[in-house]
Amino acid sequence: MGDATVAATADAYSVYNNAAAPFFEYQTAQIGYVYAPWMSSEYKGSDLMSVAGYVKLGQRHSLSFGGRMFREAKLSTDGDYPFVPTDENGNPNYKIGGFTRPNGKSLDVAYGLKICDEVALAVTAHYLHYANGLGDKYSAVSFDVAAYSQLPLSYREGAVVNIGAQVSNAGFSITDNGFRQPLTAKVGASLFTPFGDAHSLL
């Protein structure tokens with residue numbers, strides 16, 4: 001859905017989409033975990049792990065959190081990148097070659113405040129770290145500011161329009177790497193319609 005998730009309904013991963021959205025979710029807390037190994041031959045040996053969640057503290061406050069790690073295939077002086085050396089049994093052996101697996105990590109935490117029945121705000125802080133496997137390491141800090149609103153519709157019980165807006169990645173590098181944060185601004189809307197107790201359309 002790309003950046004359209006800025007206006008999606010809340011779930012455990014709202015810290016990555018719009019941290020102000022959980023106020024309009026009926027559940028008090030959610031948590032989720034994903035492990036995704038790359039199976040294609042081009043990226044074999046890479047994988048992505050992420051965990052995220054939120055908890056509402058009363059009616060006006062919330063905390064959201066998240067963490068992600070993307071591990072690339074092992075670097076080696078043999079073969080074409082990405083090349084994963086193996087032992088005599090065909091198992092990956094990351095001690096060969098003297099390099100480590102390139103990897104990127106992020107830690108995320110957000111505070112949300114519901115300012116009225118229809119509008120909530122949130123501020124998110126991200127810590128970013130990348131190691132290229134050759135001994136170079138880079139770190140950065142960035143911040144998001146988000147707003148979210150949910151307006152009920154009269155044509156069906158439970159139907160709502162969600163409106164979200166966010167400015168993302170306002171931050172700076174901790175290490176001297178010359179990279180700039182990709183500052184983005186986005187706004188969007190979505191329509192949520194339930195059909196009975198078991199089905200809905202977003």
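The values are calculated or read from the model by the stated rules, or taken from the named source; none is laboratory data. No experiment lies behind these values; they were computed from the predicted model shown. Quick reminder, even Gly has a Cβ in these numbers, built from the backbone with ideal geometry, and neighbours come from all protein chains shown. Each accessible area value is taken on the protein alone, full model and side chains, heavy atoms only, with ligands, DNA and RNA left out. Shrake-Rupley method; radii C 1.70, N 1.55, O 1.52, S 1.80 Å.
When you check Leu151 against the structure, is it more than 21 Å from Ala7 (Cβ to Cβ), open to solvent by 40 Å² or more (accessible area, probe 1.4 Å) and at pLDDT below 95, yes or no? For Leu151, the condition - more than 21 Å from Ala7 (Cβ to Cβ), open to solvent by 40 Å² or more (accessible area, probe 1.4 Å) and at pLDDT below 95 - is not met. Pairs linking a residue in region 9-22 that is more than 19 Å from Arg68 (Cβ to Cβ) to a residue that is open to solvent by less than 10 Å² (accessible area, probe 1.4 Å), with Cβ atoms under 8 Å and 6 or more positions apart or on different chains, are Thr9/Ala21; Thr9/Asn162; Ala20/Gly112; Ala20/Ala120; Ala20/Ala122; Ala20/Ala146; Ala20/Tyr148; Ala20/Gly164.
Counting the residues of region 13-32 that are part of a helix (DSSP H, G or I) and open to solvent by 30 Å² or more (accessible area, probe 1.4 Å) gives 3.
For region 173-202, give me each residue that is touching a Gly at 6+ places or on another chain (Cβ under 9 Å), under 22 Å from Ala125 (Cβ atoms) and either open to solvent by 50 Å² or more (accessible area, probe 1.4 Å) or not in a loop (DSSP other than H, G, I, E, B) (or both). Selection gives Leu183, Lys186, Val187.
If you scan region 156-167, which residues turn out to be assigned to a loop (DSSP other than H, G, I, E, B) and open to solvent by less than 80 Å² (accessible area, probe 1.4 Å)?
Matches in region 156-167: Gly158, Ala159.
Condition test on Ala170, is it crowded, with 16+ Cβ neighbours inside 10 Å, touching a Phe, Trp or Tyr at 6+ places or on another chain (Cβ under 9 Å) and either more than 16 Å from Ala7 (Cα to Cα) or of a type outside the set (D, E, K, R) (or both)? So Ala170 does not fit the description; no.
Per-residue answers, yes or no, for (1) of a type in the set (Val, Ile, Thr); (2) touching a residue at least 40 places away in the same chain (Cβ under 8 Å):
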site: Tyr155; (1), (2): no, no
site: Val167; (1), (2): yes, no
site: Phe172; (1), (2): no, no
site: Gln181; (1), (2): no, yes
site: Ala185; (1), (2): no, no
site: Phe195; (1), (2): no, no
site: Ala198; (1), (2): no, no
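Scanning region 132-149 finds no residues that are outside any loop (DSSP other than H, G, I, E, B), farther than 20 Å from Gly66 by Cβ and of a type in the set (A, V, I, L, M).
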